[in-house]
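Chemist: Have a look at this one.
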Amino acid sequence: DAGVTQSPTHLIKTRGQQVTLRCSPKSGHDTVSWYQQALGQGPQFIFQYYEEEERQRGNFPDRFSGHQFPNYSSELNVNALLLGDSALYLCASSPVVSGLNYGYTFGSGTRLTVV
Amino acid sequence: KNEVEQSPQNLTAQEGEFITINCSYSVGISALHWLQQHPGGGIVSLFMLSSGKKKHGRLIATINIQEKHSSLHITASHPRDSAVYICAVHLYSGGGADGLTFGKGTHLIIQP
């Protein structure tokens with residue numbers, strides 16, 4: 001049973017470019033959350049997708065957008081990349097039970113470097 | 001002030017020692033997670049707690065909801081336990097799910 005799969009594992013982009021990161025959730029999970037983890041820091045919540053809609057959003061600018069597909073997979077898009085966007089981007093999936101989501105499974109992350 | 005505070009930030013111990021990592025939070029939560037992150041980034045979920053105590057192998061997690069405090073204990077520590085341990089809380093929103101709010105992590109090194 002595959003867990004959460006993220007691609008690519010590593011990525012180098014130039015400032016001002018756009019990037020798309022992908023996440024396939026664990027089988028049976030219908031909610032996908034995205035997190036940004038800067039070096040030496042704990043992850044920060046970006047947003048969460050359920051039923052192909054953004055349910056919750058953290059304190060991130062509109063340059064960060066996402067999408068969830070009917071098969072529950074998700075994409076994170078970042079436009080107009082800044083050097084400060086360099087981080088590990090983590091995807092976590094979870095099932096929704098009684099309106100709440102529990103039992104997070106995390107992917108290994110995508111390491112984005114902006115130069 | 002961060003909503004989730006962990007201590008210590010760094011901990012180095014000898015193999016076999018009993019390890020305690022603490023987590024305090026300042027808001028109402030519906031659940032608390034203890035996570036393990038190894039170099040390279042992958043995160044493994046160790047426990048999810050909303051009350052009491054859970055045990056899995058050499059790992060024990062406790063939570064005191066009234067005191068807004070949780071601890072992760074490792075018995076008979078081993079070098080392979082070396083990792084960053086992160087406390088994350090599921091904020092209580094009353095109506096649905098929120099993303100997790102993370103502590104900064106505790107960097108644990110177990111020396112042989």
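The values are calculated or read from the model by the stated rules, or taken from the named source; none is laboratory data. Quantities reported herein were computed from a predicted structural model and do not represent experimental measurements. Quick reminder, even Gly has a Cβ in these numbers, built from the backbone with ideal geometry, and neighbours come from all protein chains shown. The accessibility values were calculated without ligands, DNA or RNA, using every heavy atom of the protein model including side chains. Shrake-Rupley method; radii C 1.70, N 1.55, O 1.52, S 1.80 Å.
Chemist: Taking the stretch A:16-69 on its own, how many of its residues are in a loop (DSSP other than H, G, I, E, B) and farther than 28 Å from B:A83 by Cβ?
Modeler: Total meeting the criteria: 10.
Chemist: Just to be sure, is A:L90 within 20 Å of B:F102 (Cβ to Cβ), open to solvent by 30 Å² or more (accessible area, probe 1.4 Å) and either modelled with pLDDT under 95 or away from chain B (no Cβ under 12 Å) (or both)?
Modeler: Details: within 20 Å of B:F102 (Cβ to Cβ): yes; open to solvent by 30 Å² or more (accessible area, probe 1.4 Å): no; either modelled with pLDDT under 95 or away from chain B (no Cβ under 12 Å) (or both): yes.
Judged against the criteria, A:L90 is not a match.
Chemist: While we're here: Restricting to the stretch A:12-26, name every residue that is buried (at least 20 other Cβ atoms within 10 Å of the Cβ) and touching a residue at least 60 places away in the same chain (Cβ under 8 Å).
Modeler: Correct list: A:L21, A:C23, A:P25, A:K26.
Chemist: Being crowded, with 21+ Cβ neighbours inside 10 Å and more than 17 Å from A:N79 (Cβ to Cβ) is the filter here; which residues of the stretch A:27-67 pass it?
Modeler: Of everything in the stretch A:27-67, those that are crowded, with 21+ Cβ neighbours inside 10 Å and more than 17 Å from A:N79 (Cβ to Cβ) turn out to be A:T31, A:V32, A:S33, A:Y35, A:Q37, A:G42, A:P43, A:F45, A:Q48, A:Y49.
Chemist: Output yes when any residue across the stretch A:79-86 is within 13 Å of chain B (Cβ to nearest Cβ), surrounded by fewer than 21 Cβ atoms within 10 Å (Cβ to Cβ) and in contact (Cβ under 8 Å) with a residue 40 or more places away in the chain, and no when none is.
Modeler: Scanning the stretch A:79-86 turns up no residue that is within 13 Å of chain B (Cβ to nearest Cβ), surrounded by fewer than 21 Cβ atoms within 10 Å (Cβ to Cβ) and in contact (Cβ under 8 Å) with a residue 40 or more places away in the chain.
Chemist: Can you tell me which residue is nearest to the chain's Cα centre (by Cα) among those in the stretch B:1-23 that are among the charged types (D, E, K, R) and closer than 19 Å to B:L59 by Cβ?
Modeler: Filtering first and then ranking leaves B:E17.
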